[in-house]
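As structure tokens, the structure follows; a few thoughts come after it.
None of the figures in this text is laboratory data; all of them are computed from the coordinates on show. Note that the structure is a prediction, hence the values are computed from the model and not measured. As a convention, Cβ positions derive from the backbone with ideal geometry for all residues, glycine included, and neighbour counts pool all protein chains shown.
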Amino acid sequence: YHGILRKGQNPLFAFALDFACLCARANGVNFKGLTPYEKKKYVWKMLYIYMLGYDVDFGHMEAVSLISAPKYPEKQVGYIVTSSLLNENHDFLRLAINTVRNDIVGRNETFQCLALTLVGNIGGRDFAESLAPDVQKLLISSSCRPLVRKKAALCLLRLFRKNPDVVNVDGWSDRMAQLLDERDLGVLTSSMSLFVALVSNNHESYWSCLPKCVKTLERLARNQDIPQEYTYYGIPSPWLQVKTMRALQYFPTIEDPNTRRSLFEVLQRVLMGTDVVKNVNKNNASHAVLFEALALFPPSNIEGLTCIVCKDFILVMVVPWYVDVILQLIDKAGDFVSDDIWFRVVQFVTNNEDLQPYAALKAREYLDKPAIHETMVKVSAYLLGEYGHLLARRPGCSPKEIFSIIHEKLPTVSTSTIPILLSTYAKILMHSQPPEPELQNQIWAIFSKYESCIDAEIQQRAVEYFALSRKGEALMDILAEMPKFPERQDPLWKQSSLIKKAEDTEADTAEQSAIKLRAQQQSSNALVVTDQSPANGTPPVSQLSLVKMPSMSSENHNTAEQGVTQANGTLSVVDPQPSSSSPGLLGDLLAIEGPPGVAVQSEHNLVSGSEGALDAEDALALAPVGEQANTVQPIGDIAERFNALCLKDSGVLYEDPYVQIGIKAEWRAHHGRLVLFLGNKNTAPLVSVQALILPPTHLRLELSLVPDTIPPRAQVQCPLEVVNLRPSRDVAVLDFSYRFGTNVVNVKLRLPAVLNKFLQPIPVSAEEFFPQWRSLSGPPLKLQEVVRGVRPMSLMEMASLFNSFRLMVCPGLDPNANNLVASTTFYSESTRAMLCLVRVETDPADRSQLRMTVASGDPTLTFELKEFIKEQLVSIPTALRPPVPVPTPQAQPTTSPAALSSDPGAMLAGLL
Amino acid sequence: MIRFILLQNRQGKTRLAKYYIPLEESEKHKVEYEFRTHKVIYRRYAGLFFSLCVDITDNELAYLECIHLFVEILDHFFSNVCELDLVFNFHKVYLILDEFILAGELQETSKKAIIERMGELEKQE
């Protein structure tokens, strides 16, 4: 319809003309003078045109007036068109309140239905106040047909959302309990929706309904008294099951042991009975129920459940059963299993010693399967690394055998899994002291291979584990087993952040508190924050209630306060902020893998050989700072953090003893949205906070207002909007300064809004590739260059490097196996979406050079992309880490030439 | 809860739109796969896209199947539904939808109950 609008053919105009003629024919009278048929036709047409996307700002009155028509056909049209055309904010609607009320209290069932539907769909506060008692009466009336009552239930739900006071809690809880005894599943489905809303607002008053919900679930799970028409692909109303489980999630515990047992049986039935079948619909429906059942379990409820089970003496059976179920879930539906689910398994196993050999054995069994999901590789590798040694006497479970079966999977996994595998290797090595020389050499060879990996996380692990494992038995102390997780630590931050977002924007009062409650129950993490905040400084609660505190510095991290004993210093700084989304969560979990507590210092020393040099460079990366020297030293390697952020979308950009700057980014076509999380780590406020963006010419950047002061231990979020105007490799710089006590700190940080963020991998087939490739015949659209000094890497590593930069490698397009072809789409305002094609020809005899051809429809893009890829391929001799995109002088305009020439460090920084 | 339901063909022409929350006209035209802080669940049937906008915390799979159930109901009612059925009988589609979803929540999940109800309503006209 946008197309029609643009062409300027406005059917609205034709329609209005048509209507005028119609009226004229009826002797110049208005709408009222039309025949019923004409009225209906007119109003329906209006709705149709409105539906097509036109603003229909006339005729509302006519539609509303039809509501009071005496006959059904006109009334029906009036009701339906009004409820689609108008919303609760239209004044016209008030005109109809009386008629609507009369229809609701009247004797005509059909009219009741129409009126209830209108109120349910668009009723506002006015309606809530004047109609709620009548609607309630209909809902509990025994003389009404189910048809009316189910509409009344949802209508009341609407009114309750508009004004929670319309439902008097004291009087209503008993009635609600009665409603949940309903046999008609239509009424029950609607009533359950109403109940979820009521209970989310105030579960305390509805305890009496809890057993009814469990009973409903039992009825559904056992398929008792469920008419055929309410089963969906053989599953008794999956929607009602989901709704009922939702309602139960609002109750923190179940006190009555019988109810608990019944619920437990139902959940067990759901978990055990869910299988993957061929029919998509059945699959979806059964998994919808399964996921809801899982949400009812962990982690807060699982404690409750295991407790119950303890009393019933079936602990031994049940706990492994939980692990079984989750592993099965990962195996069968890996794509649906988010990281937090497997984190939970790990957490659960870590905290239950009895379970560890069992879990390790299970993991080992899954690895024997020919094709397993990547998540299964992760969880198996993790479990075998930690507890594989407990299986040592079993056949097929020697360190060597475990290593080789895990290592078999390595070529099939993505970059995010490799670090976990490396940790597992290190742990295997640690557990087999003294190690078999053969195994040790194999593992060392892998570590040294990954020492030059482009992925900062992998590289770092490889370097560190290599250094550590050379320490022989000292390794035992450092890589000791994972300490137990504190209970109720739940990495669900991502969800809670969404919930927070929802809270910020939602207006519905009832809804809001419901969402908040869910937030509290689902993610205890969000609450941990408030626990951590010190009692002194009294920061505004609103700010603290759901935001995540910045992590403590590495030392603090090791205290039990965070709950998660963290070590492996350098690893932790890669992504110490637990508040980031899935990659962050992963980082979080991985960061904990290291040695507990005291090991940190020693480890820092161990790797200091390489780190010393890096530290010096870090300082340099910061060098172009104004006159006053920073006395505050950053924690961690700024350049490395930047590089890591070039590849992922969340993590820490900068940290020093006072402040931590985290970043989270979302990219869509040529737009980007970054959020800077400025966290004050201290008990005193940070003042004179300033954040300026020094944008390169190709980016349009808008940073929202940064507050002058950050309260103690608080975190502020500053959204930053990015628009990519044209292709360029220049980098934006954040000039950040603050004062803490007498310290004035000023740092300039490169922002990871780099060229590859505006790429979107796209697979191309041979039919698409070759014509395009040929049509871009030569310079300046197609550029070729022989690149020398390439970091030695296998073709596979190069492919994964390309993929990590969002260049999609298309295997099979080039007949020569030594060549690599990749494609991607680049987005900017000037180029729009533009296809880019890359071909790399390597020489197996000499890996240090290659020939690269880059083609796109824009000469600048071709050039910039070629240079960008080159930067990623060429090794910079001094660096143990991946090369850095070059910030141009204009990106750091405050660097005075004098400073550059006088300070060799600054010069180097300028070059890097 | 369901915030809105949209039915569009491949050219982007809307064949059914129902909003359970008050929206500005301008907002209605720029709905994408994520709308405000809700998520949009969609499924394609031949040339028609059925989209449901639901809360972030809602169960996606359940709503995905809810779309399918709606399609089954339409299919049953129109016996082998096609886009033209929806164009010429769009008022019927609104009636069906009102029996299926109310106040942004599922009202009835029985195909039979809805089809029978439609029969009742047709008799009254």
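Treat every Asp and Glu Cβ in the stretch B:2-124 as -1 and every Lys and Arg Cβ as +1, leave all other atoms uncharged, and give the resulting dipole magnitude about the Cα centre to the nearest 20 debye.
Details: 16 positive and 20 negative charges, 71 e Å.
Its charge dipole is roughly 340 debye.
Residue separation times 0.36 nm, minus the C-alpha to C-alpha distance between residue A:140 and residue A:89: what's the value? The partial results should precede the final answer.
Details: separation 51, 0.36 × 51 = 18.36 nm, distance 2.95 nm.
Gain in length upon complete extension: 15.4 nm.
Note down the nm distance, to one decimal, between modelled labels 7 Å out along Cα→Cβ at residue A:55 and at residue A:71.
Output for this residue pair reads 3.6 nm.
Starting from 0.36 nm per residue, how many nanometres of slack lie between residue B:80 and residue B:45 once their C-alpha separation is accounted for?
Details: separation 35, 0.36 × 35 = 12.60 nm, distance 1.22 nm.
Computed gain between residue B:80 and residue B:45 is 11.4 nm.
Can you tell me how much longer the chain between residue A:129 and residue A:684 gets when fully stretched, taken as 0.36 nm per residue apart minus their C-alpha distance, in nm with one decimal? Can you show the working numbers first?
Numbers: separation 555, 0.36 × 555 = 199.80 nm, distance 4.88 nm.
Once the chain is fully extended between residue A:129 and residue A:684, it gains 194.9 nm.
With label points built 7 Å along Cα→Cβ from the Cα atoms of residue A:675 and residue A:253, find their separation and express it in nm.
Here the answer is 3.4 nm between the modelled labels.
I need the calculated FRET efficiency for the pair residue A:268 and residue A:226, taking r as the beta carbon distance and R₀ as 25 Å, to the nearest 0.05. List each step's numbers first, then the result.
Numbers: r = 19 Å, r/R0 = 0.77.
The calculated FRET efficiency here is 0.80.
Taking only C-alpha pairs under 8 Å that are 6+ residues apart, what is the relative contact order of the stretch B:2-124 in percent? Spell out each step's value before the answer.
Details: 145 pairs, mean separation 28.1, N = 123.
Contact order relative to length: 23 percent.
Estimate the FRET efficiency between residue A:692 and residue A:744 by the formula 1/(1 + (r/R0)^6), using the beta-carbon distance for r and 25 Å for R0, to the nearest 0.05. The partial results should precede the final answer.
Values: r = 15 Å, r/R0 = 0.60.
Rounded to the nearest 0.05, the efficiency is 0.95.
Give, as a single signed number, the net charge of other residues whose beta carbon lies under 11 Å from the beta carbon of residue A:192, with Lys and Arg counted +1 and Asp and Glu -1.
Details: positive: A:150, A:212, A:243, A:246; negative: A:182, B:105.
In short, +2.
Go through A:648/A:748; A:757/B:18; A:212/A:278; A:45/A:151; A:162/A:681; A:137/A:243 and tell me which ones have a Cα-Cα distance over 32 Å in this structure.
Numbers: A:648/A:748 21 Å; A:757/B:18 36 Å; A:212/A:278 34 Å; A:45/A:151 27 Å; A:162/A:681 41 Å; A:137/A:243 24 Å.
Result: A:757/B:18; A:212/A:278; A:162/A:681 exceed 32 Å.
Which of B:18, B:92, B:112 moves the most in a Gaussian network model of chain B with Cα springs under 10 Å?
So, out of B:18, B:92, B:112, the one fluctuating most is B:112.
What is the sum of charges around residue A:766, taking Lys and Arg as +1, Asp and Glu as -1, for the other residues whose C-beta is under 15 Å from the C-beta of residue A:766? Intermediate values should be presented prior to the final figure.
Working: positive: A:774, A:839; negative: A:767, A:768, A:814.
That works out to -1.
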